[in-house]
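Engineer: What follows is a structure written as structure tokens; I'll ask about it next.
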């Protein structure tokens, strides 16, 4: 199987095309790494870059891009609508194929160590890589933003995991962490009754007592005159798509409503769908190694 | 997406390990080609080799292995239980990922041309690559076996598509052709009544009026005291797994019997299962390009 990690760093530059291209070029030129997307946002003055590849090479590309960002972006002059604290604001690392979360955490720490030591940038590890529970949530890590970081880092609760103990005035602070891939999964209902979508969303999402790794909202799709349960599946290995889909279908039927379709928005790991096939076909003892494509790159 | 073709050549040597290893080594040493399996059979005096890879490289590996086989195997001295006509008896080429059947047919012809011209072996193209309907079926192509080929090739109906018009006494004749991947798919029923499995198999298989690209039999699984509809899905793009599974489930219910599980034997292309997930989740407008792993090698 191919070992694949996804990386989605956010850089604090969304206006200067020259700077954006120079950062992205570091990813593009790294072998065994595939640049999938980069979307600069002028209002946020921020650019989200998405790439995948062999884990060591992904780390290398992320480090190089972060280095260039630290040279070309001056946080003391940065403004934009999105909360931010560093030239490279955050680097999420996501295990996609044949890489465990534990390995991904190790890769994130290796990257954090290099950025801290070689680039002299304070690094706070977050999400699955957090060194303490208060650091798991990115919003909490970033609270106070760049302007508040000189002060915040003095608090032992927020002392950097890697790099200097003080703010890097130019490059700010970088958050790095491993997290599960997120699958944007929406289920459409043949009614215009928003209450039904809201009730079902409340039933399936973890925050109100439903499936732990499902976040969901009921919304209207006005152009189609239907409603939708719009979800983020934040760990498809523990809260699989088929279980949530089946529950939505049953609950919809209870209101005399049918599921007319679903949508996968953006990208997802193959296994999130293979698990669905495995479930509905009731396959006994299926092994991901039986998939020919997985054998190609093992 | 990675472009992948599978190749499963059959060589007429199942006893001499040294010869077998020399043939297999040609595959093993080809870059961007992955040897998956080789299984020599002493009674058949035959070895089936399975490998996958980038199409051009697969052709190269198949040609090299065929060349070595033509040097090391003497068909005039061959005996074995399995019908055979050449040192390299047959080379099936199978499109797995991001390669169309039409492209695969072209690759098979390129391979046929090279084997015919450079190795001086008569080549008959079969299955999807056949130049006439009577050549589609491998058993028909091979009828008469090595011993009958000198005579058979004189018949215009069987004149080689590539290479010399006469038998190569040492290497025999090679059949080459593109075909769809075959998925071995079995569905288990919670009854020991073999008649029910047989009736259902008859209902779903193409030969008796069922799904065109499904072959099936009802068999007993004595150690589990159940019966099984044992199938070969010979074109999952036209007769998908979910449709056959659903039909079996409905027909089983008609006899008061339940489907308790299914089995995938051996390897299958990813899309055969992605299509199943797409169906049961009723995904609207799904694109294989949304699968992260497919983006890695495009």
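Coordinate-derived values only; no laboratory data. Computed from a prediction, not measured in an experiment: that's the story for all the values here. Here Cβ is always computed from backbone atoms with ideal geometry, including for glycine, and neighbour counts include all displayed protein chains.
Engineer: For residue B:193 and residue B:166, what does the FRET efficiency come to when R0 = 51 Å and r is the distance between their Cβ atoms, rounded to the nearest 0.05?
Structural biologist: Details: r = 56 Å, r/R0 = 1.09.
Between residue B:193 and residue B:166 the formula returns 0.35.
Engineer: Take the eigenvalues of the Cα gyration tensor for the protein assembly as shown, scale each by 5, and report the square roots as semi-axes in whole Å, largest first.
Structural biologist: Working: eigenvalues 559, 219, 73 Å².
In descending order the semi-axes read 53, 33, 19 Å.
Engineer: Contour minus end-to-end for residue B:150 and residue B:22, with contour as 0.36 nm per residue of separation and end-to-end as the Cα-Cα distance? Before the final figure, lay out the partial values.
Structural biologist: Details: separation 128, 0.36 × 128 = 46.08 nm, distance 2.81 nm.
That works out to 43.3 nm of additional length.
Engineer: When each copy gets a label point 7 Å from Cα toward the beta-carbon at residue A:190, what are the spacings between them in nm, shortest first?
Structural biologist: Computed spacing set for this position: 3.0 nm.
Engineer: Could I ask something else about it? What is the Cα centroid distance between the stretch A:91-137 and the stretch A:7-29, reported in whole angstrom?
Structural biologist: The distance from the Cα centre of the stretch A:91-137 to that of the stretch A:7-29 comes to 20 Å.
Engineer: Rank these for me by crowding, B:174, B:191, B:237, going from fewest to most other beta carbons within 10 Å. Mind showing how you got there, number by number?
Structural biologist: Numbers: B:174 30, B:191 18, B:237 15.
Least crowded to most crowded, the residues run B:237, B:191, B:174.
Engineer: List, shortest first and in nm to one decimal, how far the label point of residue A:131 (7 Å from Cα along Cα→Cβ) is from its counterparts in the other copies.
Structural biologist: 7.3
Engineer: For B:11, B:185, B:286, what's the fewest-to-most ordering of other Cβ within 10 Å of each Cβ?
Structural biologist: Numbers: B:11 29, B:185 24, B:286 18.
Lowest to highest Cβ neighbour count: B:286, B:185, B:11.
Engineer: Which whole-number percent of Cα pairs in chain B have a distance greater than 30 Å? Mind dumping the intermediate values first?
Structural biologist: On the way: 17843 of 44253 pairs.
So the portion of pairs separated by more than 30 Å is 40 percent.
Engineer: Over what distance in Å are the Cα centres of the stretch A:172-218 and the stretch A:230-279 separated?
Structural biologist: 11 Å
Engineer: Follow-up question, since we're still on this one. Obtain the nm distance between the two label points defined at residue B:118 and residue B:71 by a simple spin-label model: each point lies 7 Å from its Cα along the Cα-to-C-beta direction.
Structural biologist: So the label points at residue B:118 and residue B:71 sit 1.3 nm apart.
Engineer: What gaps in nm, shortest first, separate residue B:22 from its twins in the other copies when you place the label 7 Å past Cα toward the beta carbon?
Structural biologist: 6.0
Engineer: Label residue A:131 and residue B:282 with points 7 Å out from Cα along Cα→Cβ: what is the distance between them in nm?
Structural biologist: Distance between label points: 5.0 nm.
Engineer: Which of A:212, A:57, A:157 comes first, and how do the rest follow, when ranked by fewest Cβ neighbours within 10 Å? Don't skip to the end; give the middle numbers.
Structural biologist: Working: A:212 12, A:57 17, A:157 8.
So the residues, fewest neighbours to most, are A:157, A:212, A:57.
Engineer: Right, something else. What FRET efficiency would be calculated for the residue pair residue B:265, residue B:157, taking the C-beta separation as r and a Förster radius of 51 Å, to the nearest 0.05?
Structural biologist: Numbers: r = 36 Å, r/R0 = 0.71.
The calculated FRET efficiency here is 0.90.
Engineer: Would you compute, from DSSP H runs of 4+ residues alone, the mean residue ellipticity of the protein assembly as shown at 222 nm, taking -39500 (n - 2.57) per run and dividing by the full residue count, rounded to the nearest 500?
Structural biologist: Numbers: 18 runs with 206 residues, N = 596.
Calculated from helices alone, the mean residue ellipticity at 222 nm is -10500 deg cm²/dmol.
Engineer: Assuming 0.36 nm per residue, please report the length gained on full extension of the stretch residue A:103 to residue A:31 beyond their Cα-Cα distance.
Structural biologist: Details: separation 72, 0.36 × 72 = 25.92 nm, distance 2.09 nm.
Contour length minus the Cα-Cα distance gives 23.8 nm.
Engineer: Given an 8 Å cut-off on Cα distances and at least 6 residues of separation, report the relative contact order of chain B as a percent. Let's see the in-between values first.
Structural biologist: Working: 653 pairs, mean separation 48.6, N = 298.
About 16 percent, as a whole number.
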